[in-house]
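Only the coordinates and a few stated rules stand behind these numbers; no lab work does. Just so we're clear, the structure is a prediction, and the values are computed from it rather than from any experiment. With ideal geometry, Cβ positions are generated from the backbone for all residues, glycine too; neighbour counts draw on all protein chains shown.
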Amino acid sequence: MDRKLTVCSSIIPAGVQQWNPQVVASTDTHFAYAATLAVYIFKSWPYPRLHRIIAAHERTITSLAWNPHDNGQIVTSSYDGKVIVWDVESVSRKIILSLPSKSNDRIFATAIEWNPFNRDLIGIATNIGIVFGFNISTKKHKIMYTFPNGDSVTSLQWNKKVPCRIAAGSASGAVVVTDNLFDGEFSKPAKIFKGHRIATDVQSPVIAVRWDLVSEAYLLVAHQSGQISMFDAVEKKSIQTFNKVAGGISGLCWTPDVSGGFFTLDRRSGILREWNVSQRTSLHNHRVAAAGGHSLGAVGRSQAFIGGFNDGSVVVYESALKKAVFTGQPNHTETIFDIQMHPAQRDILASVGYDSTLRVWDLTSMQCVKVIAPPSLERVILYSVSWDPSGERRVVVSTSNKTVVLIDVDKGVVVRTLTNEFNDGVLRVVWTKHGIAACSRAGEIIVMDIQGTIKRRYTVPHGSFGVDWSPFFPQIAVACGDGAVRIFDVSSPSTTHIQILRGHKDKTFGVSWSPLVPHLLAVGSDDGTATVWQGTVKATPEGPLVQFAQVSALTGHTDKVRPVVWSPELPNILYTGAWDATLRTWDAATGKCLDVAREHHADIYGLSVHPQRPFMMVSSSRDMSIRSWSLTHIVDLVKASCLHEPTLFASHCNHKPRTSMSGKMRLCGALSKSIVQTITKADHTAAAQIHVLDRLSTLFSGYSTVNNIWDILRHRIVGASTNSANAVVPGDEHFAFASCLAKDLSADQIAAKQLHIPRSLDQVVPTRVLKRDERASVAANLQLLLGETEAACEALIKQGRWERALSLAPAAGIEYWQGLAARYASHLRHLGDIDAAPYAIAAGKPGDAIDLLSERKDVQTALLISSAADSGRYHAFRSVSEPVEYTLRPATLRRTAQEYISACEPFLAASAYLDGGHFRDALSILCEAGEPILAASVATILVDHKLLSVEGSRPTYAAAALHCEQLQKWRVALDFASLAYPESVGQTASRLVSHPTLSQVEIDNYLTSAGMPGLAAQKFEGVPENPTDINRALITTALLAQDVDSAREALLRYLSATIESPDFEAGPAGEIIRSFVGIRLGAEPLTDDMVKILALSSFVCGLEAVSKHDPYAANLLLMNAVKVGESVLPQPVFSWVRVCHEALNGTFKSLRKRETIVDLPPGIDPTSLRSIKGIHGVEDIVGFNSLLAALEGKTVDMAQLNGGDTTLEPLTKLIIDMMAGRTHRVVCIPGMRLPGAIGGRRVSSSLLSRSRVSGHPVVLSDRLRNGEVPCISEEEFVQWTRYCPFSPLNDGKPIHQLAS
């Protein structure tokens, strides 16, 4: 099975679009926003995370709305007049409506609203003044109202009390209320309105019409210009007019749980204003974002709101907590045309696009650190960007207004316009040590210096679309509109090209010189192909002459090829992106496509790879997202050898000057050359070993956070960090992990990245002061005058004036003040206010602050507080009467690691575990993340320095051995096996002798190197009659003797006997089953005995997962046992299998559908089964009533609980723990939960769970099943392979060979 070489590891979603206002929406459990061509859907509980992307619209999305009757449905509309109802989970179209046309007008929806009483009825506002009612079941429509003169409808909303009543506002400022009965679907209201207008006397567009949540008549109307009014729609009169908001309004929402409360969002600033209908002025102002507001929606039934802003960011803000619970990155709001990494800072990226902005990104955190929108470039398209090759933080940008400009990134200003002498848009600019070259659509190429002095000027026919400097010579290659590429020698005064390459039928666009091989050029074209050209130097009487020949034509893209980028380490590897939304990896020497990535949803325009991190790539697209990719699988074989034995690294490199791509694949780049020198100079000290492994990890990893692991080990073992100068508190060992996270960041960036405290937090209004009771206030003042400070403070507290009381409390004594601070912290924590944390610290209770921040998922701030507490920095805050020495950091580090696991950040999770001394957990996380070789390197360092026992390292080495087997690196696999368990070498050898591609000589050589007898000496004496004599060693011996039939017979005999034994234990039985890891059970078609082995193996492994409190894996395995076992297992055994599966699966499905057990949705009581009784047949499981009694605290005999069957005791305990949310082994793989196209194929669901696969699937077979490629998710793969060695296809093949 081909391995996935290009793995999407992270995504920066597109910014919220700026063209239409109704582009944010939410439910109690999800929120969504629309970019130009895609809808991004987030789960809001237990923490916001990207869940699905809907990207099937061909034209700009104009509005969206959730179905209030079904959170699994969302409706969207677009400029092409389509209205589509989507199923969120499957991302499939349920209903497609096309709005009826009217004469020659283009009609599209400007706003959509689902009727709160009828799940089939949608109100649709249009750009030509018509308000439709659509029945999505019958697909019939009715015109509810038509505004005169085609006045565009800008907002509409159904009344929450009168089912058929709807209000609509228009671009001219008009507001209309109308009732429509829809053929008797609704009861007739007392008074019917046939579209009567409400006199607003405001000419500005209506931005929102919002019915009072509990009224048939009251209607709030907000205008874009800032006017807000409340009307009685029945009486057609104004009730209240509010103070005008200077700068205008972009959205309005009622507050569900505050009578008469509503919020507005300012158009020119990121201020969320809190109002009440009883007052004309706003009550409170919350600064939510730096940019102006664009759209606003309410979230659920609380005081939470989702806002879209003019910089593309999206914020979910809880006004009661004065906190942004989610802040989306301010990404581009239109097509991203180019991205380029900083030449000296490998984690800094610049991007430019159609929205006239230059944005700078930190790839470590995937955060936007700078948005630059110079006034001189307003409404100007920015086509390309190139960094200063000297490493200074400045760029040149090419624009649509025929200019090239120099921008100072730190100051965010245009330093100068380098040239304005082009006659058309400048599509490409490239800045290298040779100078700056730019080309325009008019066919002009200008070479200049940083001052704008023009050095050379060239012209080509039919336009120029791409240009690139040769890294070896002062030459440029120009992509031309006639399908050719022309090469110019800039060192010559001649304006004529020196070479012309013709190999395309349509215009060429992307050109890229190889950084490793002179005269090697890649070209992308609008004909859907790319070509590779190699120049060779020929001696002529006039001097050396370079002659170019086409080496290969790369075919496979189905649309125009845009970016072409070479690998900075492997001379034959080329990456291309195209308008078919795919990214392809090629062997340029042979023309073979090695991999296809389909995660983007539209044309790919930008690709960038940094020479200091050569196996991580970043891409950009017309879908306005930026994605990072891990490319490390290309060098897995080299990685396995070199991380195990760094001294072998030089043998995998070739840094001699190259003249072609041919020859054995070797690392040839600047980074590998530097690492060879580092290894050569390294001594045997711990610091040198860690430094070498750190550099190798940088080379081989596609993730920017991997270096944190080595920084932590450096802190622990060597005692200092290479990054200690940038640490939060330099030199303080308590801040090791914080120091690593702060690497390469300025102090301002440290605050933004580490603390995760919104910048707006210190700008919001303090805790609201309650209305004073005059009499109590006078009494408190008198008590102060009389010296009764404590009594005065208590009186102030009763008035809600906590801060006033705290300011006076020191007069009553420091202990009283601390106690009061603790009470106030408790009060704020009860309210969910983040400001409780500093008061808890002041009260000498940093543990309470840590608990609060952890609950709010702000574990990094919690980690910093624990570090400060343990290092004695809170000494002044300790209680006078009860001095305490804090030891908070280890537990906080574990919490931090668990949060990173939930966020699929294995390297940060492992770093936190390592810093906290949880070494086995760190190694386990790395192994399951697909990094067992890295984990083995870490284990070796820990064992060598006596931080980890040899026994504790064995599971890691066993995982590394298995990984190397999959790569067919048998010698390295045997080395790791020798470090693992005593039986591991034999097990690796048993898989070695079974490998079909190895000769007997090769096998004997490997066995001899491992100290084992050759193949001819391996003998098996036969299967013993007594099943109790069968063990893993016996089966391994049979496999070493290549007697798979006997090994299979022994396994079946053992399982058949042990499954009915009163002494049955799943753990030992599972170990025997795993003797077949990597071994094929038999050829198809399978015999009944083979099928019986598969069924029993799934069952036994499922029970083993139960015994280890691993419900996810248990559910998958038991489900498969039921599916396979019905036809082959004896009825008593099958009944047992079915009972176990139904008991577990009923509970499992009720808790969640394919998500982590701890992610219980709101409303489900995690400590009781009563909420799910009657669902999924749970009441029919064995011992359900007894189980329910046990959960409610009653004493129940475990045998009675299981209906008298004590073998179900572990299962019952597992179900109890599941319901209490106490158990789940979480899988942590980068990119595992990313939505999007599935692994290069359009796969709809998992073979096991039937749920839509997120992230990259493990494809089980290329053979279609039911019209689909059979696959499972990475999470299911890890869960399954923890226990069972056979493929879920039940074809007898080993699943481990599919690992990627």
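Quick notes on this one:
- From phi via Karplus (6.51, -1.76, 1.60), per-residue ³J(HN,Hα) for region 266-274 in Hz, x at Gly/Pro: 5, 7, 9, 9, x, 9, 9, 9, 9
- When each of the peptides 228-235, 314-321 is scored by how many other beta carbons lie within 10 Å of its residues on average, the order from highest to lowest is 314-321, 228-235.
- Were the residues from Lys161 through Asn149 laid out at 0.36 nm apart, the gain over their Cα-Cα distance would be 1.2 nm.
- Taking the Cα centre of region 468-596 as reference, the dipole from Cβ charges on Lys and Arg (+1) and Asp and Glu (-1) amounts to some 140 debye.
- Taking packing as the residue-averaged number of other Cβ atoms within 10 angstrom, the listed peptides 926-936, 273-283 run from highest to lowest as 926-936, 273-283.
- Residue by residue, region 230-236 carries 3J(HN,Hα) couplings of 10, 10, 8, 5, 6, 8, 6 Hz when phi is fed to the Karplus relation 6.51 cos²θ - 1.76 cosθ + 1.60 (θ = phi - 60°); x denotes Gly or Pro.
- Region 513-648: C-alpha gyration tensor shape, a/c 1.5 cut-off, then a/b vs b/c: oblate
- Net charge in the neighbourhood of Pro996 (other residues with Cβ under 14 Å of its Cβ; Lys, Arg +1, Asp, Glu -1) is +1.
- DSSP-assigned coil residues among trypsin sites (Lys or Arg not before Pro) in region 1250-1288, each with at most 13 further Cβ atoms within 10 Å: Arg1250, Arg1263
- Here is the list for region 993-1067: chymotrypsin sites (Phe, Trp or Tyr not before Pro) lying in DSSP coil, each with at most 14 other C-beta atoms within 10 angstrom of its C-beta, are Phe1064.
- Fully extended contour minus Cα-Cα distance, from His830 to Asp482, at 0.36 nm per residue: 118.3 nm
- Packing here is the average count of other Cβ atoms within 10 Å per residue, and on that basis the peptides 69-79, 651-661, highest first, run 69-79, 651-661.
- Farthest positive-ward along region 1003-1092 dipole, Cα basis, beta-carbon charges - from Val1023, Gly1011, Leu1052: Gly1011
- Backbone HN-Hα couplings from phi across region 1112-1129 [Karplus 6.51/-1.76/1.60, Hz, Gly and Pro as x]: 4, 5, 4, 5, 5, 5, 5, 4, 5, 4, 5, 5, 8, x, 4, 8, 10, 8
- In this simple spin-label approximation, Lys433 and Leu545 carry label points 7 Å from Cα along the Cα→Cβ vector, and these lie 3.0 nm apart.
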